[in-house]
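Trainee: Have a look at this one.
The values are calculated or read from the model by the stated rules, or taken from the named source; none is laboratory data. On a predicted model such as this, the values are computed, not experimentally measured, just so you know. In this analysis, Cβ positions are derived from the backbone assuming ideal geometry, glycine residues included, and neighbour counts consider all displayed protein chains.
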Amino acid sequence: MQLPDIPQIVAIEQEAFTSPWTSEAFVNELTKNHFARYMVMAYGEDVIGYGGMWTIMDEAHITNIAVRADYRGRGLGERLLTELQRTAVMFGAARMTLEVRVSNEIAQRLYRKMGFEPSGIRPGYYSDNHEDALIMWAELEHEGGETHDEE
């Protein structure tokens with residue numbers, strides 16, 4: 001993701017989320033947060049999806065992942081998540097976490113398919129309606145198909 005992508009990213013945010021990030025938030029992520037890693041999925045000149053995470057030590061935390069409404073249901077979210085996981089491993093992460101609305105069963109299905117397991121609840125996490133967030137974690141596969149297990 002680059003600064004000129006931000007207007008298209010914000011449009012996707014507004015389509016996908018009830019509490020979308022602002023352009024200023026993305027500018028800060030790209031220019032001031034050295035833990036941030038963001039990528040876009042493009043079709044021609046159009047950004048049709050994006051994903052972001054923070055990589056800190058041996059953990060990655062997904063901040064956002066979304067696909068433009070017209071392109072949903074085509075496996076693109078899975079491709080973005082796969083690329084985020086690959087990138088996290090490249091930056092040394094052994095585990096990945098995220099929060100998802102307890103009501104977002106479609107996203108939870110994708111995350112479970114990609115190896116994430118529920119590990120707890122953050123009560124009232126979402127500011128728009130105080131909905132709880134489900135915390136999910138996944139062990140990441142490293143070269144050779146091995147996962148890093150905590151001892």
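Trainee: Show the residue pairs meeting these rules: Cβ distance below 7 Å; 6+ apart or different chains; first residue within segment 131-151 and within 17 Å of His61 (Cα to Cα); second residue modelled with pLDDT under 95 and loosely packed, with under 10 Cβ neighbours inside 10 Å.
Mentor: What qualifies is Glu139/Asp149.
Trainee: Being assigned to a helix (DSSP H, G or I) and in contact with a helix residue (DSSP H, G or I) (Cβ under 6 Å, 6 or more places away or on another chain) narrows it down to one residue among Val47, Val100, Val10; which is it?
Mentor: Exactly one residue qualifies, and that residue is Val10.
Trainee: Moving on to the next point. Name the residues in segment 36-56 that are more than 11 Å from the chain's Cα centre (by Cα), of a type outside the set (Gly, Ala, Ser) and farther than 14 Å from Asp70 by Cα, would you?
Mentor: Selection gives Val40, Glu45, Thr55, Ile56.
Trainee: Given Thr55, Thr97, which one is among the polar types (S, T, N, Q) and touching a Lys or Arg at 6+ places or on another chain (Cβ under 8 Å)?
Mentor: Just a single option satisfies the conditions, and that option is Thr55.
Trainee: Tell me which residues, restricted to segment 11-57, are surrounded by 15 or more Cβ atoms within 10 Å (Cβ to Cβ), touching a residue at least 40 places away in the same chain (Cβ under 8 Å) and over 22 Å from Arg86 (Cα atoms).
Mentor: Correct list: Ile12, Glu13, Ala16, Trp21.
Trainee: Residues Leu98, Leu140: which one is within 13 Å of the chain's Cα centre (by Cα) and crowded, with 16+ Cβ neighbours inside 10 Å?
Mentor: Leu98
Trainee: When residues of segment 66-89 are filtered for being free of Cβ contacts under 8 Å to residues at least 40 places away in the same chain and either touching a Phe, Trp or Tyr at 6+ places or on another chain (Cβ under 6 Å) or not in a helix (DSSP H, G or I) (or both), how many remain?
Mentor: 4
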